[in-house]
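Okay, structure first, notes after.
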Amino acid sequence: MTSRSSSARRRRWSDIWRWAAAAAIGMLVFVVGYGVELETVDPDGQDAAAIGVRMLIDLALGVVVLGLYAFRRRAPRLIPAVAIALTAFSWLGAGAAAALLVFVSARRRPREIAVAAALYTAVNCIDITVHPFDDGTPLWLLLVIGGILTGALVLLGLLIGARRQLDEAADAAHTAQIERAGAQERSRIAREMHDVLGHRLSLIAVHAGALEYRRDLSPQQAAEAAGVIRENSHLALDELRDVLGVLRGEGHGDTERSPQPVAADIHTLIADARAAGSTIIISALDTDGIPAALGRHLFRIVQEILTNARKHAQGERIFLHLTSDAVSGVRLSAQNRVGAPIAPPGFGLTGVAERTRLAGGQLLIDEADGLFRVEVVLPWPN
């Protein structure tokens with residue numbers, strides 16, 4: 001709202017000074033032109049009286065032309081044509097006529113420009129007839145000067161229109177850039193929300209399902225399942241609060257509560273999954289020395305792989321193999337047997353593909369012979 005009101009205010013002031021400039025130019029032409037004419041005639045003669053009548057007509061028509069100029073945008077084809085035609089008998093409207101020709105030319109519409117330029121040229125010819133100056137200047141030279149003036153005004157309008165189009169194109173590009181940035185930010189928010197909450201909620205769903213369908217659970221087992229649900233509910237809320245705080249730009253100095261996991265946190269992630277009932281077999285888990293940015297991508301990828309296995313292969317063993325070094329980068333392999341899903345297909349693996357792409361890595365997802373396999377290769381940062 002502030003930007004719009006500021007733009008409207010600037011446009012209003014721009015219209016005011018342009019109108020004032022047109023009126024000032026017209027008044028200058030009026031005073032100089034009639035001053036020259038009055039010097040050449042007898043003040044008490046009929047010619048002076050005729051000039052006085054023309055001056056009154058000139059003033060009346062000039063006021064009309066200046067009034068029409070103020071409303072030029074309401075009828076951008078009709079008003080300029082009428083106003084320019086009226087200036088054939090009004091020096092006071094000369095400045096407004098020139099400004100209207102520039103206005104029409106700035107719209108960059110050939111037919112409108114041709115009509116306005118033809119009218120302006122005709123007005124100049126009529127003006128030479130209505131206000132003849134006997135100073136020895138050839139008629140053809142006056143016509144050439146009028147044509148040059150018309151061409152200069154049209155060229156000025158075309159340049160203004162081109163500049164305006166460039167500004168509009170730049171504004172459109174800036175708006176599109178802002179919209180793209182907004183879309184990317186919404187995508188980032190969705191990805192972070194999915195990664196943070198998907199893992200916790202899948203643990204809650206597994207244990208809630210056990211409480212609902214397992215009637216043979218002992219009181220101690222039921223209490224443990226309820227405890228896992230309660231703990232992961234609190235963790236999910238805390239992590240959600242952390243993500244929202246970071247996305248709002250809050251808590252930048254609170255690194256302990258910022259959702260920026262590193263590669264070493266994968267050990268805790270696996271421990272939590274095992275405590276929740278997942279069977280994870282690790283043949284290698286080398287997370288030492290992995291840079292923070294790369295580790296953050298890796299953590300989210302492993303988190304989504306475990307969540308995906310929990311949702312779509314409940315009870316199946318998950319095999320993990322992770323190696324890393326500065327030469328070959330990070331290599332992660334995970335596989336599990338295809339089991340009975342407890343949740344409909346989602347977009348988790350799409351998130352894995354997106355994170356792998358952002359890190360400049362390669363992703364292989366394969367399902368064959370009852371095995372689901374994911375392999376990820378992430379390059380080491382320079």
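The values are calculated or read from the model by the stated rules, or taken from the named source; none is laboratory data. Predicted model only: the values in this text are computed from it and were never measured. So basically every Cβ, Gly included, is an ideal-geometry build from the backbone, and we count neighbours across all protein chains shown. Please note that ligands, DNA and RNA were not included when accessible areas were found on the heavy atoms of the full protein model with its side chains. Shrake-Rupley method; radii C 1.70, N 1.55, O 1.52, S 1.80 Å.
Restricting to the range 1-58, and then to whatever is assigned to a helix (DSSP H, G or I) and of a type in the set (Asp, Glu), can you tell me which residue is modelled with the lowest pLDDT? Before you say what the answer is, go through the steps one by one.
We begin by selecting, within the range 1-58, every residue assigned to a helix (DSSP H, G or I); these are 2-39, 46-58.
Applying the additional criterion that residues be of a type in the set (Asp, Glu) yields 15, 37, 39, 47, 58.
On the way: Asp15: 83, Glu37: 79, Glu39: 79, Asp47: 74, Asp58: 89.
Among those residues, the one meeting the criterion is Asp47.
Being at pLDDT 90 or above and among the acidic types (Asp, Glu) narrows it down to one residue among Asp286, Asp254, Asp272; which is it? Going through Asp286, Asp254, Asp272 in turn, the sole match is Asp286.
Looking only at the range 270-280, residues that are hydrophobic (A, V, I, L, M, F, W, C) and either open to solvent by 60 Å² or more (accessible area, probe 1.4 Å) or free of Cβ contacts under 8 Å to residues at least 12 places away in the same chain (or both) come to 2 in all.
Of all residues in the range 30-42, count the ones that are of a type in the set (A, V, I, L, M, F, W, C) and open to solvent by 50 Å² or more (accessible area, probe 1.4 Å).
Residues of the range 30-42 of a type in the set (A, V, I, L, M, F, W, C): 30-32, 36, 38, 41.
Now restrict to residues that are open to solvent by 50 Å² or more (accessible area, probe 1.4 Å): 31-32, 36, 38.
Number of matching residues: 4.
What are the residues in the range 43-64 that are within 19 Å of Arg18 (Cβ to Cβ) and open to solvent by 20 Å² or more (accessible area, probe 1.4 Å), if any? Please lay out each step first, then the result.
Kept after step one, since they are within 19 Å of Arg18 (Cβ to Cβ), are these residues of the range 43-64: 62-64.
Matches in the range 43-64: Val63, Val64.
Scoring Gly62 on the criteria (1) modelled with pLDDT of 90 or more; (2) within 24 Å of Leu155 (Cβ to Cβ); (3) not aliphatic (A, V, I, L, M) leaves a single failure, condition (2). Before we move on, is Ile290 open to solvent by less than 50 Å² (accessible area, probe 1.4 Å), within 19 Å of Ala236 (Cα to Cα) and not in a strand (DSSP E or B)? No; evaluated as a whole, the condition is false for this residue.
Entry remark, the range 256-269: residues being under 18 Å from Arg317 (Cα atoms) and open to solvent by less than 40 Å² (accessible area, probe 1.4 Å) number 2 in total. Does Leu203 qualify as being at pLDDT below 75, open to solvent by 30 Å² or more (accessible area, probe 1.4 Å), out of contact with any Gly (no Cβ under 8 Å at 6 or more places or on another chain) and under 17 Å from Gly315 (Cβ atoms)? So Leu203 fails the test.
For every residue, the table says whether it meets (1) open to solvent by less than 40 Å² (accessible area, probe 1.4 Å); (2) touching a residue at least 40 places away in the same chain (Cβ under 8 Å); (3) acidic (Asp, Glu); (4) not in a helix (DSSP H, G or I).
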site: Leu66; (1), (2), (3), (4): yes, yes, no, no
site: Ala75; (1), (2), (3), (4): yes, no, no, yes
site: Ala83; (1), (2), (3), (4): yes, no, no, no
site: Val102; (1), (2), (3), (4): yes, yes, no, no
site: Val115; (1), (2), (3), (4): no, no, no, no
site: Thr121; (1), (2), (3), (4): no, no, no, no
site: Val144; (1), (2), (3), (4): no, no, no, no
site: Val154; (1), (2), (3), (4): yes, yes, no, no
site: Ala173; (1), (2), (3), (4): no, no, no, no
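If you go through the range 293-304 and keep only what is at pLDDT 90 or above and open to solvent by 10 Å² or more (accessible area, probe 1.4 Å), you end up with just Phe299.
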